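S.K.: Quick one: the structure is below, and I'll ask about it shortly.
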Amino acid sequence: SHRASICYRRIEPSDREILEQIHCDLFPIRYESEFFQNVVNGQDIVSWAAVDRNRPNGRSDELVGFVTARIVLAKESEIGDMLRYDPSKPDQTLVYILTLGVVDGYRNLGIASSLIQKVVKYASSIQTCRAVYLHVISYNDPAIRLYKKMSFQCLRRLQGFYLIGGQQYDSYLFVYYVNGG
Ligand code: ACO
């Protein structure tokens, strides 16, 4: 074993294959290839990668964690009514976290926390942005603990939000307000 040296950078086209592999390994939901294409090309999606500069066997630039997010219009989102924003300003936005993951062997080092901080910092830097939000499946205790620890608020439980293998699962909607919410 070695001492990890974690760096954060943008996701690039050369990350596509490993990004797809990790999504496949970590999530119960299948994502379209168009999604991965949009992530690596930064089309409507912002993303960050975590890499371990001390990783052996030529893997020092390979993703060990990632977060992907999309900017959405507040008035078109499901939480538009939960914001304090001025309705006379129709250009208000939100950042929606699509996927967040850290590979086995790199968990509990604070990588996901750092990735969330990148998203929050980015959202705060956008003047029109009022919040960061996301959905998480109701049985994902490590992720729920993480969002609570990062001071996200649970707004609601959505019944049957996910359909996986013919089975319905609830989700929680978490939000973190920025720029006055
Ligand atoms: N040293 C030791 N422990 C630490 C450190 C540190 N420096 N920093 C944080 N921790 C602890 C935290 O306190 C936390 O403890 P807790 O479980 O008691 O809350 C725990 O480590 C986890 O925090 P992180 O290390 O920041 O999280 P991690 O990098 O392990 O990733 C994640 C968490 C993303 C949930 C991971 O388990 C994972 O990839 N799971 C599978 C995919 C997944 O579920 N993704 C989220 C789905 S929801 C969505 O995508 C919108």
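S.K.: List the number of the failed condition for Arg130; all other conditions in (1) surrounded by fewer than 19 Cβ atoms within 10 Å (Cβ to Cβ); (2) more than 15 Å from the ligand (Cβ to nearest atom) hold.
M.R.: (1)
S.K.: Could you grab the pairs with beta carbons closer than 6 Å, sequence gap of 6+ or different chains, first residue in segment 130-142 and among the small types (Gly, Ala, Ser), second one assigned to a strand (DSSP E or B) and away from the ligand (no atom under 11 Å from the Cβ)?
M.R.: Every condition considered, the pairs that remain are Ala131/Leu94; Ala131/Val175; Ala131/Tyr177; Ser138/Asp170.
S.K.: Of the residues Ser77, Ser88, Ser33, which single one is over 15 Å from the mean Cα position of the chain (by Cα), within 30 Å of Gly166 (Cβ to Cβ), open to solvent by 50 Å² or more (accessible area, probe 1.4 Å) and small (Gly, Ala, Ser)?
M.R.: Matching residue, one of Ser77, Ser88, Ser33: Ser33.
S.K.: Kindly establish whether Gln159 is more than 26 Å from Arg10 (Cα to Cα) and either surrounded by fewer than 17 Cβ atoms within 10 Å (Cβ to Cβ) or within 12 Å of the ligand (Cβ to nearest atom) (or both).
M.R.: yes
S.K.: Would you tally the residues in segment 44-94 being free of Cβ contacts under 8 Å to residues at least 12 places away in the same chain, of a type in the set (S, T, N, Q) and either touching a Ser or Thr at 6+ places or on another chain (Cβ under 9 Å) or not in a loop (DSSP other than H, G, I, E, B) (or both)?
M.R.: Residues flagged as free of Cβ contacts under 8 Å to residues at least 12 places away in the same chain, of a type in the set (S, T, N, Q) and either touching a Ser or Thr at 6+ places or on another chain (Cβ under 9 Å) or not in a loop (DSSP other than H, G, I, E, B) (or both) within segment 44-94 amount to 1.
S.K.: Give just the number: which of (1) touching a strand residue (DSSP E or B) at 6+ places or on another chain (Cβ under 7 Å); (2) in a loop (DSSP other than H, G, I, E, B); (3) under 22 Å from Lys75 (Cβ atoms) does Ile97 not satisfy?
M.R.: Of (1) touching a strand residue (DSSP E or B) at 6+ places or on another chain (Cβ under 7 Å); (2) in a loop (DSSP other than H, G, I, E, B); (3) under 22 Å from Lys75 (Cβ atoms), only one is false for Ile97: (2).
The values are calculated or read from the model by the stated rules, or taken from the named source; none is laboratory data. Please read all numbers here as calculations on a predicted model, not as lab measurements. As a convention, Cβ positions derive from the backbone with ideal geometry for all residues, glycine included, and neighbour counts pool all protein chains shown. Accessible surface areas use protein heavy atoms only, side chains included; no ligands, DNA or RNA. Shrake-Rupley method; radii C 1.70, N 1.55, O 1.52, S 1.80 Å.
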